[in-house]
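Okay, here's the structure, questions in a sec.
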Amino acid sequence: LAIDWHGYSRLRLYPRVFMIWLGVLLIAVVVLEILDRQRHFAFTAVLASLGFALTISLMNVDGAIVHHNVWRALQGKYFNVAHLASLSSDAVPALVDEYLSPNVPEKVRDGLEGALACQQAALKRNALGDWRAFHGSDWLAEQALQKVQGQLSGYTYKVVNNLARVRSPENVVYYCQDDSRD
């Protein structure tokens with residue numbers, strides 16, 4: 001899956017979770033074989049499928065992507081700020097947690113600031129709807145962004161050639177969408 005090389009994305013995280021549940025199913029098949037209960041295989045396969053679906057539904061996929069990719073950056077590997085900025089508002093509380101973490105180096109913290117500024121601009125753009133467009137994850141993201149509001153005040157948001165980007169007070173440009181295809 002090249003997770004070690006590229007980090008997590010949705011297209012890498014879903015198969016990883018699936019492989020864990022597939023491993024659970026294979027262990028269950030061995031146990032069924034030992035107990036001579038092969039007729040229970042279909043039920044076991046359905047349970048493993050439900051386990052996979054529930055895991056993906058209940059976990060914060062974008063939050064897991066943020067935590068893993070920041071961990072990779074702490075190991076000296078490539079830190080794709082544009083990918084983190086392009087995630088949904090579910091990623092914002094994890095971005096804020098990582099940003100406020102005392103053991104994050106300044107270079108990674110700057111990238112997290114850029115991703116948070118992109119997320120903040122996206123939330124402001126989407127906030128123009130009426131009450132029927134309310135999303136719990138957007139509300140949680142806005143609550144989390146209030147913790148770092150002061151640090152993001154100097155960022156300016158601009159769209160140039162259909163590419164959204166933010167410029168930091170130090171004149172560093174962070175793109176708000178990831179152009180990689182995986």
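Please arrange Ile20, Ile34 by accessible surface area, largest first, computed with a 1.4 Å probe and ligands excluded.
Ile34, Ile20
What percent do you get for the relative contact order of the chain when only Cα pairs under 8 Å and 6+ apart count?
20
For the stretch 1-149, which whole-number percentage of the solvent-accessible area (1.4 Å probe, protein heavy atoms only) is attributable to carbon and sulfur atoms?
Carbon with sulfur: 64 percent of the solvent-accessible area.
Sticking with this structure for a sec: Test of understanding: what is the full-extension gain from Val30 to Met59, defined as 0.36 nm times their sequence separation minus their Cα-Cα distance?
Here the answer is 7.6 nm.
Now for a separate question. Based on the Cβ-Cβ distance from Ile20 to Trp71, what FRET efficiency comes out when R0 is 22 Å, to the nearest 0.05?
Given R0 = 22 Å and the Cβ-Cβ separation, E is 0.75.
Return the distance in nm (one decimal) between the two label points of a simple spin-label model at Asp97 and Asn162, each offset 7 Å from Cα along Cα→Cβ.
That separation, rounded to one decimal, is 3.6 nm.
Say we join alpha carbon atoms closer than 10 Å with springs in a Gaussian network model of the chain; which of Gln146, Gln119, Gln75 then has the biggest fluctuation?
Maximum among the listed residues: Gln75.
Please report the equivalent ellipsoid semi-axes of the chain, computed as sqrt(5 x eigenvalue) of the Cα gyration tensor, largest first, in whole Å.
38, 19, 14
In addition: Which aspartates and glutamates, on any chain, are close to Lys124 with Cα under 16 Å apart, when same-chain ones fewer than 8 places away are left out?
Candidates past the 8-residue exclusion: Asp90, Asp138, Glu142.
Once both axes come from the Cα atoms, what is the angle between helix 106-126 and the longest principal axis of the chain, in degrees from 0 to 90, rounded to 10?
90
Can you tell me the 0 to 90 degree angle between the C-alpha axis of helix 61-74 and the longest principal axis of the chain, rounded to 10?
The two axes meet at around 70 degrees.
Rolling a 1.4 angstrom probe over the protein chains, ignoring ligands and nucleic acids, what is the accessible area of His6 in square angstrom, nearest 10?
My reading of the accessible area for His6 is about 90 Å².
Output the 0 to 90 degree angle, nearest 10, between the alpha-carbon long axis of helix 41-58 and the longest principal axis computed from the alpha carbons of the chain.
Roughly 10 degrees between the two axes.
Quick check: residue separation of Phe43 and Arg125 times 0.36 nm, minus the Cα distance between them. What number comes out in nm?
Fully extending the segment from Phe43 to Arg125 adds 24.9 nm.
Using a cut-off of 17 Å between alpha-carbon atoms, which lysines can reach Lys107, once sequence neighbours fewer than 8 places away in the same chain are excluded?
Lys77
The values are calculated or read from the model by the stated rules, or taken from the named source; none is laboratory data. Just so you know, these numbers come straight off a predicted model, no measurement behind them. Every residue, glycine among them, receives a Cβ derived from its backbone with ideal geometry; neighbour counts consider all protein chains shown. SASA here: full protein model, heavy atoms, side chains in, ligands and nucleic acids out. Shrake-Rupley method; radii C 1.70, N 1.55, O 1.52, S 1.80 Å.
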